[in-house]
Amino acid sequence: MSLRNKRILITAGPTWIAIDKVRVISNTATGATGKLLANQFSNKGAKVTLLINAENKCCLNKKIRILPFQFFGQLNEYIQDELSRRTYDICVHSAAVSDYKPVKISTGKISSDRKLLRLGLKPTLKIINRIKKIDSSLFLVGFKYEPDKNKDTLIREARKLMDNSKADIVVANTSGKNGYRAYIIRKNRVFYGPLRNKPEMIKNLLKAINSSFSLKKTLQQAN
């Protein structure tokens, strides 16, 4: 099945969590994976909407619809709104979403004169776990990044994510002294991997999405 004219929602890049009026908690994600995927899908004729950090919009196909965000809350609202108002075929959730937020956000700017600053943190909601609750027919792709982990640990964490989110595919990836490695998990088995660089991962992920999405649609039509 061709991906031409399929509606695809992609999230990419880091999210910010406010500490006070000027400071945030963030992460080192670049959004490169999501941008590569968005360009590849668009080149294949798909109708792509990309949610990405506002500072990271360059080098994208002009046909891609871009919704810029910075904060966790903005990303969450965009996903809720897009999936409620529009019909998407595929959602690729590659954004590096913040896992924790302050118990209390300062209403002003915290003084830099403090000798010690302690922040109480609590978990944020798991955005990926809400996606199929909004639209159960979506084909969902998730990502699990764990630095310096072995294959068994990566696969185990990917399966947890798949079980909790009902994702159709999960990309488990790591980096460290042994370099970049990725495994594409489908139906709780390794579909591709180890993949040693992002271009190789992207190439095989597109193949996995195309074949798995086609099979899912065929089964849905048969039922």
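The values are calculated or read from the model by the stated rules, or taken from the named source; none is laboratory data. In this text, all values refer to a predicted model and were calculated from it rather than measured experimentally. Every residue, glycine as well, gets a Cβ built from its backbone with ideal geometry; the counts of neighbours run over all protein chains shown.
So which residues in the range 38-78 are polar (S, T, N, Q), in contact with a helix residue (DSSP H, G or I) (Cβ under 9 Å, 6 or more places away or on another chain) and part of a helix (DSSP H, G or I), if there are any at all?
Across the range 38-78, the qualifying residues are Gln40, Asn76.
Can you tell me which residue among Thr33, Thr11, Thr28 is among the hydroxyl-bearing types (Ser, Thr, Tyr), within 25 Å of Ala172 (Cα to Cα) and surrounded by fewer than 18 Cβ atoms within 10 Å (Cβ to Cβ)? Break it down into steps so the answer makes sense when it comes.
Values: Thr33 fails: surrounded by fewer than 18 Cβ atoms within 10 Å (Cβ to Cβ); Thr11 fails: surrounded by fewer than 18 Cβ atoms within 10 Å (Cβ to Cβ).
So the residue among Thr33, Thr11, Thr28 that is among the hydroxyl-bearing types (Ser, Thr, Tyr), within 25 Å of Ala172 (Cα to Cα) and surrounded by fewer than 18 Cβ atoms within 10 Å (Cβ to Cβ) is Thr28.
So, in the range 122-145, of the ones that are surrounded by fewer than 13 Cβ atoms within 10 Å (Cβ to Cβ) and of a type outside the set (D, E, K, R), which residue ends up nearest to Ile90 (Cα to Cα)?
Taking the range 122-145 as the starting set, the residues that turn out to be surrounded by fewer than 13 Cβ atoms within 10 Å (Cβ to Cβ) are 122-123, 125, 133, 136-137.
With of a type outside the set (D, E, K, R) added as a condition, the list becomes 123, 125, 136-137.
On the way: Pro123: 27, Leu125: 22, Ser136: 11, Ser137: 9 Å.
Checked the range 122-145; the qualifying residue nearest to Ile90 (Cα to Cα) is Ser137.
Contact list please: Cβ distance under 7 Å, first residue in the range 141-164 and at positive phi, second residue part of a strand (DSSP E or B), pairs at least six apart or on different chains.
These pairs meet every condition: Asp148/Thr174.
Pairs needed: first member in the range 64-84, within 26 Å of Arg23 (Cβ to Cβ) and without any contact (Cβ under 8 Å) to a residue 24 or more places away in the chain; second member anywhere, of a type in the set (Val, Ile, Thr) and not in a helix (DSSP H, G or I); C-beta distance under 8 Å; at least 6 residues apart or different chains.
Taking only residues 6 or more apart or on different chains, the pairs are Leu67/Thr49; Leu67/Ile52; Pro68/Ile52.
State all residues of the range 85-122 that are within 13 Å of Arg23 (Cβ to Cβ), assigned to a loop (DSSP other than H, G, I, E, B) and either at pLDDT 95 or above or of a type in the set (Lys, Arg) (or both); if no residue qualifies, say none.
Lys109, Arg114
Which one of the conditions (1) surrounded by fewer than 16 Cβ atoms within 10 Å (Cβ to Cβ); (2) in a loop (DSSP other than H, G, I, E, B); (3) more than 18 Å from the chain's Cα centre (by Cα); (4) not acidic (Asp, Glu) does Lys149 fail to meet, given that it meets all the rest?
(1)
When the range 109-135 is examined, which residues are found to be farther than 30 Å from Met162 by Cβ and either without any contact (Cβ under 8 Å) to a residue 60 or more places away in the chain or touching a strand residue (DSSP E or B) at 6+ places or on another chain (Cβ under 8 Å) (or both)?
Of everything in the range 109-135, those that are farther than 30 Å from Met162 by Cβ and either without any contact (Cβ under 8 Å) to a residue 60 or more places away in the chain or touching a strand residue (DSSP E or B) at 6+ places or on another chain (Cβ under 8 Å) (or both) turn out to be Ser111, Ser112, Asp113, Arg114, Lys115, Leu116, Leu117, Arg118, Leu119, Gly120.
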